[in-house]
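What follows is a set of notes on a single structure, which appears directly below.
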Amino acid sequence: MDETPKRFDRIVAILIQLQSKKIVKAQELANRFEVSLRTIYRDIRTLEASGVPIYSEAGVGYALMEGYRLPPVMFTREEASSFIAAEKLMQKFTDETLGNHYISAMYKLKAVLRSDDKDWVSSIESNVLMQSEEKLFNDKSPDTLAILFESIAEKTQVILSYEAIQSDGITVRHIEPVGVFHDNNNWYMLGYCHLRKDYRQFRADRVHGIQKTEIPFSIEHNALETYLDKSKDVSTTKIRIRVEKKIAPYLSHERKYYGFVEEQKTGDQIEMTFMSCDSLEGFSRWYLMFGDYATILEPERLKTKILELLETNKKRLL
């Protein structure tokens, strides 16, 4: 098999990636193209031999000499169509400011397409919808994500007006944002809170206001993954319940929010296992929604908690 066309495409892709980042590591390239480091070294030497000014630093990576740029690369229609899905997601799942920036970028992208490719992309665009009823941002703070992105890049603090879920009101906090992530249909920011003197998570829809500052970070923060991995180390409680098979499909969406691990079919019932991180308060209330079709196998204290809730409800109904 002739590997020349495949290698040519890879070398062009490497050049594009070098233009997209300040520093690119050889291992990063090897992982992307699923080749050995030796192959990447050879491809880099080929680029250098063709006149591309690349400099390397041991243990750091490769970079293009400042000022070197190629003319814009044309997109294939398949590549352009992939942006349609991203555009629809941006419209529904980001704040207004970031969404407007992306719309502007899409106009520029479409401007470089050939006429027949523009028609091809437009026919897809008009038939792709992204529906979501979730309200991800507070109307009082429509540019939360955009400001957080700037803060993270510039390493400057922000001032949040934040309403915690168990708070009686809004508190004002100076935050050093470490990173932003999406989980359980919500956007979160993890940052160092100067009010609490510790790292905290903040949900975007509870942000009533956000203000940029020129105050630099006072701490050298680790990568976002470091703190998220630590949050997984909290103690958990193993829960096993048996649910009638006809009810199980209705639980498939929500169960992931309560630490669902696995399920096993046993006759006309399904046994589900959870590793719950809460104090069983949330799980108990969720269980009551379908408890007449389920049996608790363990732990015993979950049964006790549910009986307490039922007794409280009984008193309120009498």
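In whole percent, and with a 1.4 Å probe on the protein chains, what portion of the accessible area of the stretch 209-318 is carbon and sulfur? Here it works out to 50 percent. Number of Lys-Lys pairs in the stretch 37-178 with C-alpha atoms under 24 Å apart and a separation of 8 or more places or on different chains: 12.
For GluC sites (Glu not before Pro), the sites in the stretch 156-226 that DSSP calls loop and that have at most 14 other Cβ atoms within 10 Å are Glu220. Distant-in-sequence amide contacts of His208, defined by a placed amide H-H separation under 5 Å and a gap of 5 or more residues or a different chain, comprise Ser161, Tyr162, Glu163. The mean accessible area for residues of the chain, using a 1.4 Å probe and ignoring ligands and nucleic acids, is 63 Å² per residue. Computed from point charges on the beta carbon alone (+1 for Lys and Arg, -1 for Asp and Glu), the dipole magnitude for the stretch 172-318 about its Cα centre is near 500 Debye. Taking every C-alpha pair closer than 8 Å and separated by at least 6 residues, the mean separation divided by the residue count of the chain gives a relative contact order of 10 percent. The lysines whose alpha-carbon is closer than 20 Å to the alpha-carbon of Lys305, local same-chain residues fewer than 8 away aside, are Lys238, Lys314, Lys315.
Each of Trp286, Trp120, Trp187 has its accessible area taken with a 1.4 Å probe; listed largest first, they run Trp120, Trp187, Trp286.
Remark: accessible surface ordering of Arg255, Arg45 (largest first) is Arg45, Arg255, probe radius 1.4 Å. Legend: residues Phe283, Phe149, sorted from most to least accessible area (1.4 Å probe; ligands, DNA and RNA excluded), read Phe149, Phe283. Cα-based values for the chain, radius of gyration first and Dmax second, are 26.0, 87 Å.
Each principal axis of the Cα cloud of the stretch 124-210 was evaluated for its coordinate range; sorted largest first, these ranges are 49, 32, 22 Å.
The values are calculated or read from the model by the stated rules, or taken from the named source; none is laboratory data. From a predicted model like this one, the values you see are computed outputs, not experimental measurements. With ideal geometry, Cβ positions are generated from the backbone for all residues, glycine too; neighbour counts draw on all protein chains shown. For accessibility, only protein heavy atoms count, side chains too; no ligands or nucleic acids. Shrake-Rupley method; radii C 1.70, N 1.55, O 1.52, S 1.80 Å.
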